Amino acid sequence: MNHPSLFESVFNSSPIGNYLLSPTPDAIILAVNDTFLKASSRTREELVGMSLFAAFPRNPDDPEDRGEIDLRRSLACAVDTAKPDSLPAIRYPIRVELPNGEVVFEERFWSAVSTPIFGEDGSIVCISHTTSDVTEQVRAAAALRESEKRFRALTSATADVIYRMSPDWTQVRQLEGRGFIKDTADPNEMWLDEYIPQGDHDLVHQAIDEAVSNKQAFELEHRVRRIDGSIGWTLSRAVPMLDAHGAIYEWIGAASDITERKEAEAKLRDTDRRKDEFVAMLAHELRNPLAPIRAAAELLQMAHQDPQRVRQTSQIITRQVMHMTNLINDLLDVSRVTNGLVTLDKAPLNIRHVLMEAVEQVTPLMQSRQHHLAIHLPPGSTVVSGDAKRLVQVMTNILSNAAKYTPARGNIELRTEVHPSQVLITVTDNGIGMAPELTGRVFDLFTQDERTSDRSSGGLGLGLALVKSLVELHGGTVSCESPGPGEGSRFTVGLPRQDAGDQVLAPQAAEHGAGVAAAPLRIMVVDDNVDAATMLAILLEAAGHQVTVEHRPEDALERIREARPQVCLLDIGLPGMDGHELARRLRQLPETADALLVAVTGYGQEETRAHALASGFDHYFVKPIDMAALHQLLAAASAG
């Protein structure tokens, strides 16, 4: 048998790259097998007889190319120790000449074993150097590490909790992420018992059973124990991992903390419910005055009514219209305040005057319910800066609220305490009180306590919301306290105090009488609402004025020369040409250039008032008209 031929055959057919090197520092290539030639894209003629490091030089432009250093160290170790030396996967770029003549270094990774070969005398005759190209394995491992790094970064960055579950969902195998879900000391504990509140077990079990049975994704919103011990909400999604036989061996999922969203949804539902209750109550409150108004109107149509009965009926209509007007004004006030459309007319005010005017307004209500009102005011002058009308409105609302919710013959106390930097005003009653949870939201819009079906206390849940907004506009605070149902309530308003020195107090508003006399005037009423125009004309004629009524703006313009009105009461929402345009045209006519133009409209917004005054109107009245104020205006016009 030819042993050299057999050795050469085995050497060349080995699937592992191999070459024989001289045991000298320059490592001359003595032989190289076909596998290595194929891996290195070289020929035997190019390599045999050359130094290994000349055949495969390092890249001079790559400072990280340490392949030659590591390989020299390994070969030297094999020679010095006379034992094989292994190299792990080392980076050893290979010089490659491209078809265009350009030389590049292709990044490659190799694992190698250098084994000394001994002669008969025991000396090392050569080094057998076996190599394996592990470039793909190294790159795959690097890609895996990078993928794992990205996964770790993702789980650290996300607000979600990433989890792995056993196939039957009885055990948590791993939790990653921000960890809003409660931790567990023992990962083998039952998952549901540890993380899910008892009340949601059935819901979660049902969704899990369905997902497991159908081998489909699990997705469910449910409650969960949070890491701070509270009960929150999570949106949990998980997908099944299937083995080669289609069996579930694990679940991978993510849980999102949706507690804030669920709380916001609950708050919206509560607000929507309270809005619906408010609309129903508004309808009830508006129907209440409509019933006596309708009955009174029918009574006035009957013949042979004595003057006393007519006067009594008229008083009923007036009171009920005022009640409806106050309801509508509250609605408009809340809308203006909450949208930031209210401008305060601030001036130094004596708080005593504000409080006494508010008491005067609620006295009829308290007298009708036989309440005892105790008033404790500071002596002298205590000054705050504010809008007198709005502060009176605040205190009137609080006192009215106390009166409404205090049974007949109950006690109400108004007390003022003066501190260096603020004035505290408290209204205390021994009325029905309220539950502790209501005191925190009693100033929210549409908020009311439980009420009986007759709505005997009245109100729309607007007054206290308006109080809070107006007090805060004044830089103050308002709060509510109650020991509980049946224990009464205390409302406290705090307003910044001002130094009374060098302050000029605003004068109190004068009362406007309803029967101010006025010399007869020529008045034109323009309103497309026939009934409203007719009744207004009757009232004005009863006061001695000469009144012309038109329902269309075009007809009004045609009649100007004949009527030559001194005062024009114009509706804004007229058909075709609105009141703004009509006012502008009247200002251009010589007959009405100096006439007193008064807007009469159902629109009460501040921007509508400003638009009317810019159009040429002198005054602005919101329907239903305050006739006392109108008579006073007409008296001033006739006197001028």
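The values are calculated or read from the model by the stated rules, or taken from the named source; none is laboratory data. Only a predicted model underlies this, so the values are computations on that prediction, with no experimental measurement involved. Positions of Cβ are generated from backbone atoms using ideal geometry, with glycine treated the same way; all protein chains shown enter the neighbour counts.
A quick yes/no check of all residues on (1) outside any helix (DSSP H, G or I); (2) buried (at least 17 other Cβ atoms within 10 Å of the Cβ); (3) of a type in the set (Ser, Thr, Tyr); (4) not assigned by TED's automatic domain parsing to the domain that holds THR325:
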position: THR534; (1), (2), (3), (4): no, no, yes, yes
position: ASP555; (1), (2), (3), (4): no, no, no, yes
position: ALA628; (1), (2), (3), (4): no, no, no, yes
position: LEU634; (1), (2), (3), (4): no, yes, no, yes
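Check whether at least one residue in the stretch 233-253 is hydroxyl-bearing (Ser, Thr, Tyr), over 22 Å from the mean Cα position of the chain (by Cα) and surrounded by 14 or more Cβ atoms within 10 Å (Cβ to Cβ), and report yes or no.
yes
Among the residues of the stretch 281-293, are any at pLDDT below 80, touching a Gly at 6+ places or on another chain (Cβ under 8 Å) and of a type outside the set (Phe, Trp, Tyr)? Can you show your working first?
Applying the first criterion (at pLDDT below 80) to the stretch 281-293 yields 281-293.
With the extra rule that they be touching a Gly at 6+ places or on another chain (Cβ under 8 Å), the set shrinks to 281, 285.
Those still in the list that are of a type outside the set (Phe, Trp, Tyr) too: 281, 285.
Scanning the stretch 281-293, I find at least one residue that is at pLDDT below 80, touching a Gly at 6+ places or on another chain (Cβ under 8 Å) and of a type outside the set (Phe, Trp, Tyr), so the answer is yes.
If you scan the stretch 245-260, which residues turn out to be modelled with pLDDT under 90, of a type outside the set (Asp, Glu) and either in contact with a Gly (Cβ under 7 Å, 6 or more places away or on another chain) or over 28 Å from ASP228 (Cα atoms) (or both)?
Answer for the stretch 245-260, where residues must be modelled with pLDDT under 90, of a type outside the set (Asp, Glu) and either in contact with a Gly (Cβ under 7 Å, 6 or more places away or on another chain) or over 28 Å from ASP228 (Cα atoms) (or both): just THR259.
Would you confirm, using the coordinates I've provided, whether LEU6 is in a helix (DSSP H, G or I) and surrounded by 15 or more Cβ atoms within 10 Å (Cβ to Cβ)?
When the stated conditions are applied, LEU6 does not pass them.
May I ask you to list the residues in the stretch 25-48 that are polar (S, T, N, Q) and either under 18 Å from GLU97 (Cα atoms) or in contact with a Phe, Trp or Tyr (Cβ under 9 Å, 6 or more places away or on another chain) (or both)?
Selection gives ASN33, SER40, SER41, THR43.
Would you check if ARG58 is in contact with a helix residue (DSSP H, G or I) (Cβ under 6 Å, 6 or more places away or on another chain), charged (D, E, K, R) and more than 16 Å from SER128 (Cβ to Cβ)? Don't jump to the end; show me each part of the working.
Details: in contact with a helix residue (DSSP H, G or I) (Cβ under 6 Å, 6 or more places away or on another chain): yes; charged (D, E, K, R): yes; more than 16 Å from SER128 (Cβ to Cβ): yes.
The answer is yes for ARG58.
List, please: which pairs have Cβ atoms under 7 Å, are six or more places apart or on different chains, and start with a residue in the stretch 606-618 that is closer than 14 Å to LEU582 by Cα and of a type in the set (A, V, I, L, M) and end with one that is surrounded by 15 or more Cβ atoms within 10 Å (Cβ to Cβ) and modelled with pLDDT of 85 or more?
ALA612/ILE572; ALA612/HIS580; ALA612/ALA599; ALA612/TYR620; LEU613/TYR620
Is the stretch 588-607 home to any residue that is of a type in the set (Gly, Ala, Ser), at pLDDT 90 or above and not in a loop (DSSP other than H, G, I, E, B)?
There is at least one residue in the stretch 588-607 that is of a type in the set (Gly, Ala, Ser), at pLDDT 90 or above and not in a loop (DSSP other than H, G, I, E, B).
If VAL530 passes every condition in (1) surrounded by 13 or more Cβ atoms within 10 Å (Cβ to Cβ); (2) without any contact (Cβ under 8 Å) to a residue 24 or more places away in the chain but one, which one does it miss?
Result: VAL530 fails condition (1) only.
All but one of (1) assigned to a strand (DSSP E or B); (2) of a type outside the set (D, E, K, R); (3) crowded, with 22+ Cβ neighbours inside 10 Å hold for SER385; which doesn't?
All conditions pass for SER385, except number (3).
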